[in-house]
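Only one structure is covered here, and it is reproduced in the block below.
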């Protein structure tokens, strides 16, 4: 998946068409929540899909490019249900930045996966995960298909662990063959459940490969392998319910590293934050030049100040070492900036 080049003009035309028809961009969510027998969109239902691949394009405009895979998991419970709208409003900014050679590298090709994270203990739609896409389908078969249930169980926990399990066990990135990690950005304000329940895996992941034998497992046992495959960032927005909660913040710091937990004071700057992190990791955008570059591209001072505050504790990952290659089961030498 992910062979089409992003063109903002296509997004603008599609959005204009929706408005002309008086159709909300998240009409699928509205309809799903209005009926008790609704199901996930076919594009967001992980139980209907085998392996989810992010492949280097072999034809078209992307032929010869190397993928940089970006998975964005959004907590859609409670206050988090507004995040898909924020992200969609700024999708042109995100996609234009992560397709710019300064941010993605001269030979880079961005593939984006969208996930909606709920609570399997209380919600109808506990986890939703799209394919990796690169063009307008990021919107059409990703963001616009997310059901914003707004539920949650009130326990300060949501089902992030199912999204993490899927990323580890069902995603397959061509970049792993080169020893290059994918990017994972989780936007939320609560903690995952420590146990990944077999019952939930059967319910939400199904058995599309015809070989699953699920058992209860701990999140802690999953994380070493997951961190060898992805650079994982947790973004907590100031508008979220548990922003500033020490228990939540410390949990994620212990799980993925203190420097990878980011407090963002303006949720409307999520796109610029994601692109900035990718830019200094894989492109040609030194971290001390991010502010001036964003200003040159038309970002306001409020956005630049917000990004500066969010990145103050970020330390670019070491450019040396090995990443687990799941295709061979061995470590691979890193290539380039990753």
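Every read-out reported here was derived from the displayed coordinates using simple, explicitly stated rules and does not represent laboratory data. Everything numeric in this text was worked out from a predicted model, so none of it was measured. Positions of Cβ are backbone-derived with ideal geometry, glycine not excepted, and every protein chain shown enters the neighbour counts.
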remark   = P(r) of the stretch 230-312 over all Cα-Cα pairs, 10 Å bins starting at 0, rounded to whole percent, reads 17, 49, 28, 5
inquiry  = For the ranges 16-22, 201-207, what's the packing order if you count other beta-carbon atoms within 10 Å of each residue, average per peptide, and put the highest first?
reply    = 201-207, 16-22
ask   = Where Rh is the Kirkwood radius over the Cα pairs of the stretch 33-116, the temperature 4 °C and the viscosity 1.567 mPa s, what D in µm²/s does Stokes-Einstein return?
value = 85
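In the stretch 217-261, what is the volume of the convex hull around the alpha carbon atoms, normalised per residue and reported in Å³?
84
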inquiry  = I'd like the distance separating the alpha-carbon centroids of the stretch 1-62 and the stretch 137-193, in whole Å.
reply    = 16
ask   = Relative contact order for the stretch 208-289: what is it in percent, counting Cα pairs under 8 Å that are at least 6 residues apart?
value = 25
task = Report relative contact order for the chain in percent, whole number only (criteria: Cα-Cα under 8 Å, sequence separation at least 6).
result = 20
Per principal axis, descending, Cα span of the chain in whole Å = 53, 48, 46
request  = Would you compute, from DSSP H runs of 4+ residues alone, the mean residue ellipticity of the chain at 222 nm, taking -39500 (n - 2.57) per run and dividing by the full residue count, rounded to the nearest 500?
outcome  = -9000 deg cm²/dmol
query = Ranked highest first by the average count of other Cβ atoms within 10 Å around their residues, in what order do 117-124, 85-92, 184-191, 220-227 fall?
reply = 184-191, 117-124, 85-92, 220-227
ask   = Mean separation of Cα pairs under 8 Å and 6+ residues apart, divided by the residue count of the stretch 157-316: what relative contact order is that in percent?
value = 21
ask   = Taking the stretch 157-310 as the region of interest, what is the percent of Cα-Cα pairs per 5 angstrom bin, listed from the shortest bin to the one with the maximum distance?
value = 2, 8, 16, 18, 18, 15, 11, 6, 3, 2, 0
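Which peptide among 292-301, 259-268, 62-71 comes first, and what is the full order, when sorted by highest mean count of other Cβ atoms within 10 Å? Intermediate values should be presented prior to the final figure.
Details: 292-301: 13.3, 259-268: 19.4, 62-71: 21.7.
So the peptides 292-301, 259-268, 62-71, ranked by packing, come out 62-71, 259-268, 292-301.
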key: Fraction of beta bridges assigned by DSSP in the stretch 8-333 that are antiparallel (%, nearest 5)   = 25
